[in-house]
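So the structure is just underneath, and the comments pick up after that.
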Amino acid sequence: MANRYSLWSLIKNGLKHHESWQPAWKSPQPKKQYDVIIVGGGGHGLATAYYLAKEHGIKNVAVLEKGYLGGGNTARNTTIIRSNYLWDEAAHLYEHGLKLWEGLSQDLNFNVMFSQRGVMNVGHTLQDMRDIERRANANLLNGVDAVVMTPQEIKDMVPLIDISHRTRYPIMGASFQPRGGVARHDAVAWGFARGASELGVDIIEQCEVTGLIIEGGRIKGVNTSRGDIMADRVGCVAAGNSSVLAKMAGLRLPLESHPLQAFVSESMKPCIDTVVMSNAVHGYVSQSDKGELVIGAGIDSYLGYGQRGSPHVIEHTAAAIIEMFPSFSRVRMNRQWGGIVDVSPDACPIISKTRIKGLYFNCGWGTGGFKATPGSGNVFAHTIAHDDPHPLNSAFSLDRFATGHLIDEHGAAAVAH
Amino acid sequence: MSGYRIHRPGERINRQKPLSFVFDNVQYKAFSGDTLASALLANGVRLIGRSFKYGRPRGIVGFGAEEPNALIQLETGAHTVPDLKATQVELYQGLLAGSTTGYPSLDFDLKGLLGKFGRFMPPGFYYKTFMEPVKAWPFYEKFIRKAAGYGRAPTEADPESYDHLHHHIDVLVVGGGAAGLWAATLAGRAGLKTLLVDEQAEMGGWLLTERRSRIDGLSGMDWVNQRLAELASLPNVSVLPRTTAFALHDLNLVQAVELLQDHLPLTERNAALPRQRLHKIRAHQVILASGAIERPLVFGYNDVPGVMTAAAGHSYLNRYGVAVGREVLVQTQNDAAYEAALDLALSGVKVTLADARQGGAAAWRQQALKNAGAELLLGHGIAKVLGDKSVSGAQLVKLDARNNQVIGSGPRLSVDTVLSSGGLTSTVHLFCHNGGRPLWNQQQLSFVCPDEGRENIACVGAITGRWELSDALDQTHATVAALLLGHGRGSTGKAPAVASEEVAAPRAIFRLPDGKPEGHGAKAFVDYQNDVAAADIHTAVRENYRSIEHVKRYTALGFGTDQGKLSNINGFAIAAEALGKPIAEVGTTTYRPSYTPVTFGALAGPHVGETFDARRYTAMHASHDARKAEYEVVGQWLRPWYFPKPGEDLHAAVNRECLATRNSVGVMDASTLGKIDVKGPDAREFLNRIYSNAWSKLDPGKCRYGLMLDENGMVMDDGVTACLADDHFHMTTTTGGAARVYSWLERWHQTEWPELKVRFTTTTDHWATVAVVGPNSRKVLQKLCTDIDFDKDAFKFMDGRSGTVAGLPARVFRISFSGELAYEINVDANYGRYMWEEVMKAGAEFDITPYGTETMHVLRAEKGFIIVGQDTDGSMSPNDLAMSWAVGMKKPFSFLGKRSLLRSHTAGAGRKQLVGLLPLDPKVVLAEGAQILSNTDDTVPAAMQGHVTSSYHSAFLGRSIAMAVLKDGSKREGDTVFVWAHGKSVPAQVVSSVFVDKEGVRQHA
Amino acid sequence: MLVITCPYCQEAREEEEFSYAGEAYIARPAVPEEVDDATWGDYVFHRKNPRGWHWEQWQHVAGCRKVFAVKRHTVSYEIAGSWTLADGKALYEEEQA
């Protein structure tokens, strides 16, 4: 890599007043023709391009982004990473992603600050505890790390949590995935962009796809705000906007786009060292390296592309956090925001070919897409390169909504984040 | 000694009320009306914190919400609050505060040492290192985390409370400065229901600081008081000080938080009142009069304690009687800062004013300043500030008149304080929270709100870039008058008269040059809180982080608790220069709530603790309490889990309850089951469509178990429904599913089959239900009821009767969730406890035994009855549950979910089915949630065959039993499988899931 | 937070009184057994999910409990109107035509 990052590069550039740093990624003019076009310059799209170039030797690739790189859900999530999914197919897919996370900073030569501080799902009812046992055992047999914790063990790890019976929904236990954690969300997009650009991928920002060029049931290219760009293979990775792209191809997807909100507190000294999630009271919290509590709110019920939701959702989430952490009542919210999540009926993604030859979709990640970023890009790149799904994503095709072979993480009451 | 008290006419402190407070363990004196910041400055305290990245010494910069540095920890113990801005903390007697940064001490900070290597820590340096060796990141991260963060989170539960208040009003005015007061006055005079909020303790805005203006011939504060008096006299107007409008949502929903008691000593707070109140305001018309905030200029070492904004220096002087220094350099590019310089000079402070403009301010201002004894340096800028923990001087340079360049060296001044003004920044936040975009105004050098505002949102005063009071009031009057006219209210009176003054244009300069290429000279900070220097923005752009959002995210510009109130415009301007684009094209980052931080407790309001969620108790709850029940949380309900006798644990109690019920009689509170009254000529047809089984032939007086599927064909609820009359049914649902099923029925009826004549009424809370269960249950019922014939052939299993039980009208259903002879007595919920106690009395001779949900679970598992949500998970079809007997595939109407059962996968092989399991060792109770393997030697990832859904010790059978879902389970009876949990596997035999009384003799007895 | 007018109660009320009930006017196949798996799957799962105007259902759960139709913009969240399901359907069909 021409511009390799290291402590040495920092010293060298520091001595040169930081005037010699190279662009992290290049911003070329779009060419007329590519082998593959990726629509969507978020984490998943950039990862797809990176792995197409790195693992499949397909380097004549363009990533088209209508705004700025990583400006969608990559920039708006609560950065939680875990693989403790219930169903085999989901566990294997997310575990593939988690393994990639574990070497990602080194692979990209970009520190994405993946921090394996663990992810804890607390249970408040006997049924929660049955579900926790079921999931933990399934995880262990799928090679995913899992521990079931008693309230006292929870308290030892998270001293500020209230395990007393004074709360409305007392905590009865938890599952814990030690290898789970958080990462620096923006860095993931930038790291993949830099890696892809280095391998020859063209990253084109401010380029909105306005139409898909389809002839005889085959994709030929895309219309964009910067002119038509041709390619025989187009992968759409546009999260909340997937249905809009699908419509351009005359397709319908089993998706609904909803607002999902989150907020952060002011920055404080370390006070919570892992990720704590509760499905029953509906709130989850971690603390960033900068010291802010990062808190995910519930999903707004209605469709929304507005990147904003209703304030009562945030109010309820604040109450949920106080239910678990009564001392956080006096902590203050610094900033709130919203994203658009594309929710599928079974809370599992769609990584699939379509009836248009050469047109692929990767969407439906709902509230949990960030954690899958490298894994998603990796298997989607395989799907595009081979025009055939990777074994890990073959179950995540669109067919399942006709055959009934859902992978029902919703129904299984798994935490949907 | 830097700051000191000085008497000022009209100061807002009360010298008759001296106070004392403690900061970092030192006691100081102050006055009522001080903020913590003004009091610290008056006591000469400058070093308040250490910076985030480099550990540089930092002091107070601003005087309000814009403060980036002075983040303090207020109070200790349960009352502690982290990260408050000292500039916003009202002082009270005995206040206890401390700094939040500096290790091991504020004065000697280790990070400060590291910060000396700041040149090797460009923006995003952490993305570029700490990667090797692979396993070392947690080690690095530990130190990074320790070094980050300001205050400490409280560790005790909050002793104070919060509430919410809703408003539905005509006009909300945000901001109680001159413009806001006038807007509220006009709206109030027009008779509109008006609310005026302002974040400060006192209304007046900039008039609290600025003392020279006269409005309608009055001094500023006299005019403010006149306004407040008038507003107080209008019954349709409310004025809320200490109330920050922090978010504006769609359709003019504004959230504002009022600090009701934060300004009071802890000992004087009224525990019966909330600490803070969240106002949720729906206003037909919002008028934003949130003013503007002065931003500093960016120059070398502009972060040394003692460098402040001119507005702050001015405010501390006039509002709090605090001179921030003895020898003050004021650096400006505009006229307004001359006012601060003048007041300081008139107060005896030695003042030098450096103006980046060659021509300086309007002539009259220059003259006034000179007359006051101040020195004026035109065409000068600060190259760098001297001093370490406090300002000791400044090096100036001569500036080119047009280009942002140095043309010569300037004097080196010995001063103890530097005030700078880079012009005003409109407070556009609320305008932008739900999609509004501000416009760049090149004359006023600020992003401003458009004069025309937005639909139902008007913008008045400095928020539109009108810095001069006369302009601001004229525009306010014109805007509000037009609004009122639009609402048919006509306007009242004329605009307040303020003499307009000659003003020289400001210079478009944000970063004062020092004659060196960016990055070579002294660090010039843009964002103090995040240690973002001008050079960092250039570096980011060089690395292709060119979108302003990328600049922000890469450098952390504007990410702090001040949300960039001082830094954003400077940052955008410097980015624009680096990008070679006009500022307007660079644009702004997104403004998001909250404007200033808001306490979680205020957001949650009263919805915490016991009121976090409603708690539902059955009518018999007091009886259960009296019998020392342990409870289980089921949805919002509290249900008896088991009834331990002294010395019994769960298992002992459940064994006893089970045996008593199977051998004699038990009693359970079944009131929480959902109950829905379904009535109408088409009720039967409706049930046919909504349930998978058939209802056409259910006669009045008969009950039937029903399965409800979602349209995906999976079981979503179940329960027994009784036919009361041909057109009238009593439906029951699961406890947790009651509300969902009720909506489900309504929605299908209204959206898909409105032609069906049927109505639904939820009656869960109307009926109290006592289940009397066991071989002696008939005898108990017979003692209580004489008008129902309980003969086994007259009142059969799955029959329902109406009669009089214990003197009460009752519906009695002979249904059984245990496989025993059993009756459920339903009475008016008001008599629930009475009925329970009557049953207990009647059953005493049979040793009637109350039991809870755990025994219910065991009894039903012994019979293989499912619990939806425990034995199902949204992926189980009726066929998977071996319940195809409950699916009427021949019904004429294609009931909900039917078609999905025919899909290739749903109808195919290899699905999991419900089975029973008997552990080979009858003493071993399998773990619920354990996974099932076909072989003991399976390796990870293992081929899981299913899992255990329910598992108990059956006292009746004297052994353990379990229910499970198993791949192809219906064909595997007799197989031995291995039940795996946490590394241990236990062999078990696959059997039918009916363990007790397969023939059903007992329930038909 | 949305403000929704219930066409039955004839009142504009805060969103918290209502419950979102999904896309409106999804046609359930008249004879489900006669359509193939794909068509049935489309009915059960696939949605228009438009970026723009959306016909949707809301239920006045804290009021009259009626389900009604709302035409709402999914980006601006602007509400063009609300109707009883029957009244809305005529308008909806006119728009689709």
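The values are calculated or read from the model by the stated rules, or taken from the named source; none is laboratory data. Please read all numbers here as calculations on a predicted model, not as lab measurements. Every residue, glycine as well, gets a Cβ built from its backbone with ideal geometry; the counts of neighbours run over all protein chains shown. Protein only, heavy atoms only, side chains kept; ligands, DNA and RNA dropped before computing areas. Shrake-Rupley method; radii C 1.70, N 1.55, O 1.52, S 1.80 Å.
Structure data summary
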{"read-out": "Cβ charges +1 (Lys, Arg) and -1 (Asp, Glu), total dipole of chain B, debye", "value": "1340"}
{"read-out": "Whole-percent carbon and sulfur share, accessible surface of the range B:910-1005, 1.4 Å", "value": "52"}
{"read-out": "Residue of A:Leu245, A:Leu15, A:Leu100 that the Gaussian network model of chain A assigns the largest fluctuation, springs spanning Cα pairs under 10 Å", "value": "A:Leu15"}
{"read-out": "At most 15 other Cβ within 10 Å, DSSP loop - GluC sites (Glu not before Pro), the range C:19-97", "value": "C:Glu78"}
{"read-out": "Paramagnetic label zone (point 7 Å from Cα along Cα-to-C-beta, B:Arg119; backbone N under 12 Å) in the range B:492-532", "value": "B:519-523"}
{"read-out": "Check: chain C dipole with +1 on Lys, Arg Cβ and -1 on Asp, Glu Cβ, in debye", "value": "240"}
{"read-out": "Chain pair B, A: total accessible area buried, heavy atoms, 1.4 Å probe, Å²", "value": "10000"}
{"read-out": "Label-point gap, in nm, between B:Lys135 and B:Ser696 - each point 7 angstrom along Cα→Cβ", "value": "7.2"}
{"read-out": "The range B:278-348 versus the range B:826-868: alpha-carbon centroid distance in Å", "value": "73"}
{"read-out": "Links that overshoot a 30 Å alpha carbon limit, given the list A:Lys32/A:Lys357; A:Lys99/B:Lys128; B:Lys702/B:Lys998; A:Lys12/A:Lys269", "value": "A:Lys12/A:Lys269"}
{"read-out": "Counting all C-alpha pairs of the range B:910-1005, share separated by more than 20 Å (%)", "value": "33"}
{"read-out": "Descending Cα extents along the principal axes, the range B:524-607, whole Å", "value": "52, 24, 19"}
{"read-out": "Those chymotrypsin sites (Phe, Trp or Tyr not before Pro) in the range B:1-108 that DSSP places in a loop and that have at most 15 other beta carbons within 10 Å", "value": "B:Phe108"}
{"read-out": "Helix-only mean residue ellipticity at 222 nm for chain A, each DSSP H run of n ≥ 4 adding -39500 (n - 2.57), per residue, nearest 500", "value": "-8500 deg cm²/dmol"}
{"read-out": "Coordinate range along principal axes, alpha carbons of the range A:260-307, Å, largest first", "value": "37, 25, 11"}
{"read-out": "Among B:Thr733, B:Thr786, B:Phe117 - extreme Cα towards positive end, dipole of chain B, charges at beta-carbon", "value": "B:Phe117"}
{"read-out": "Helix B:178-189 axis, angle to chain B major axis (alpha carbon atoms, nearest 10°)", "value": "60"}
{"read-out": "Residue-span extension gain [B:Asn935 to B:Thr976] - 0.36 nm each, minus C-alpha spacing", "value": "13.9 nm"}
{"read-out": "Antiparallel bridges, percent of DSSP beta bridges restricted to chain A (to nearest 5)", "value": "70"}
{"read-out": "Dipole magnitude of the range B:910-1005 about its Cα centre (Cβ charges: Lys, Arg +1; Asp, Glu -1), debye to nearest 20", "value": "140"}
{"read-out": "Helical contribution to [θ] at 222 nm, DSSP H n ≥ 4, -39,500 (n - 2.57), averaged over chain C, rounded to 500", "value": "-6500 deg cm²/dmol"}
{"read-out": "Residues along the range A:23-46 losing 50 Å² or more of accessible surface when the other protein chains are present rather than the chain by itself (probe 1.4 Å)", "value": "A:Trp25"}
{"read-out": "Cα-based shape type of the range B:201-306, given that a ≥ b ≥ c are square roots of the gyration tensor eigenvalues and the cut on a/c is 1.5", "value": "rounded"}
{"read-out": "Percent of beta bridges antiparallel (DSSP, the protein assembly as shown, rounded to nearest 5)", "value": "75"}
{"read-out": "Across the protein assembly as shown: Cys residues that no other cysteine approaches within a C-beta distance under 4.7 Å", "value": "A:Cys207, A:Cys236, A:Cys271, A:Cys348, A:Cys363, B:Cys432, B:Cys658, B:Cys703, B:Cys723, B:Cys785, C:Cys64"}
{"read-out": "q = 0.07, 0.09 Å⁻¹, chain B: log10 I(q)/I(0) [Debye, one scatterer per Cα]", "value": "-0.79, -0.97"}
{"read-out": "Spin-label pair B:Ser500/B:Ala363, simplified geometry with 7 Å Cα→Cβ offset, distance in nm", "value": "2.0"}
{"read-out": "Of A:Ser344, A:Asn111, A:Pro23, farthest towards positive along the dipole that unit charges on Lys, Arg, Asp, Glu beta carbons give chain A", "value": "A:Pro23"}
{"read-out": "Solvent-accessible surface ranking, highest first, for B:Arg778, C:Arg72 at 1.4 angstrom", "value": "B:Arg778, C:Arg72"}
{"read-out": "Proximal lysines to B:Lys841, defined as alpha-carbon separation beneath 16 angstrom and excluding residues fewer than eight positions away on the same chain", "value": "B:Lys779, B:Lys783"}
{"read-out": "Shielded residues, the range A:255-304 - accessible-area loss of 50 Å² or more between chain alone and all protein chains, probe 1.4 Å", "value": "A:Glu256, A:Glu266, A:Ser267, A:Met268, A:Lys269, A:Pro270, A:Asp289, A:Lys290, A:Tyr302, A:Leu303"}
{"read-out": "Rg/Rh (Cα only; Kirkwood hydrodynamic radius) as it applies to the range B:587-630", "value": "1.42"}
{"read-out": "Percent carbon-and-sulfur accessible area, the range B:524-607, ignoring ligands, DNA and RNA, probe 1.4 Å", "value": "47"}
{"read-out": "Relative contact order of chain A, defined on C-alpha pairs under 8 angstrom at six or more residues apart (%)", "value": "22"}
{"read-out": "Beta bridges per DSSP with both ends in the range B:4-129, % antiparallel, nearest 5", "value": "90"}
{"read-out": "Global geometry of the range B:295-423, whether rounded, prolate or oblate, following the gyration tensor of its Cα atoms and the 1.5 cut on a/c", "value": "oblate"}
{"read-out": "Residue-averaged 222 nm ellipticity for chain B, from DSSP H runs of 4+ at -39500 (n - 2.57), nearest 500", "value": "-6000 deg cm²/dmol"}
{"read-out": "3J(HN,Hα) from dihedral phi, the range B:28-42, Karplus parametrisation 6.51/-1.76/1.60, rounded to Hz, x for glycine, proline", "value": "10, 9, 7, 10, 4, x, 6, 9, 4, 5, 5, 5, 5, 5, 4"}
{"read-out": "Most mobile of A:Ala402, A:Ala187, A:Ala280 in a GNM of chain A (Cα contacts under 10 Å)", "value": "A:Ala402"}
{"read-out": "Angstrom value of the Kirkwood radius, inverse mean 1/r, which spans all Cα pairs in the range A:250-386", "value": "16.7"}
{"read-out": "The range B:971-1005: trypsin sites (Lys or Arg not before Pro) in DSSP loop, at most 15 other beta carbons within 10 Å", "value": "B:Lys998"}
{"read-out": "Residues whose placed amide H lies under 5 Å from that of A:Val341, excluding near-sequence neighbours", "value": "A:His258, A:Leu260"}
{"read-out": "Solvent-accessible surface (1.4 angstrom probe) belonging to B:Thr769, in square angstrom, nearest 10", "value": "0"}
{"read-out": "Cα gyration tensor, the range B:4-129 - rounded (a/c under 1.5), prolate or oblate", "value": "prolate"}
{"read-out": "Separation between Cα centres of the range A:8-24 and the range B:718-782, rounded to whole Å", "value": "73"}
{"read-out": "Accessible-area order (highest first, 1.4 angstrom probe) of the listed residues B:His487, B:His550, B:His621", "value": "B:His487, B:His621, B:His550"}
{"read-out": "Mean accessible surface per residue for the protein assembly as shown, computed with a 1.4 Å probe while every protein chain stays in place, in Å²", "value": "34"}
{"read-out": "Long-range amide H partners of B:Leu386 with built H, under 5 Å", "value": "B:Ser392, B:Gly393, B:Ala394, B:Gln395"}
{"read-out": "Residues in the range B:839-887 that, when all protein chains are in place, have 50 Å² or more less accessible area than the chain alone would give (probe 1.4 Å)", "value": "B:Asp873"}
{"read-out": "Amide H partners (placed H, <5 Å) of B:Val991, local residues excluded", "value": "B:Gly916, B:Leu917, B:Leu918, B:Gly974"}
{"read-out": "10 Å binning of all Cα-Cα separations within the range B:8-65, expressed as whole percents from 0 upward", "value": "20, 46, 26, 7, 0"}
{"read-out": "Whole-number D in µm² s⁻¹ for the protein assembly as shown, Kirkwood Cα-pair radius fed into Stokes-Einstein, 10 °C, 1.306 mPa s", "value": "45"}
{"read-out": "A/C buried area, accessible surface, summed, 1.4 Å probe, Å²", "value": "2300"}
{"read-out": "Derived scalar couplings ³J(HN,Hα) [the range B:455-472; Karplus, 6.51 cos²θ - 1.76 cosθ + 1.60; whole Hz; x for Gly, Pro]", "value": "4, 6, 10, 9, 10, 10, x, 5, 5, 9, x, 8, 7, 7, 4, 5, 4, 4"}
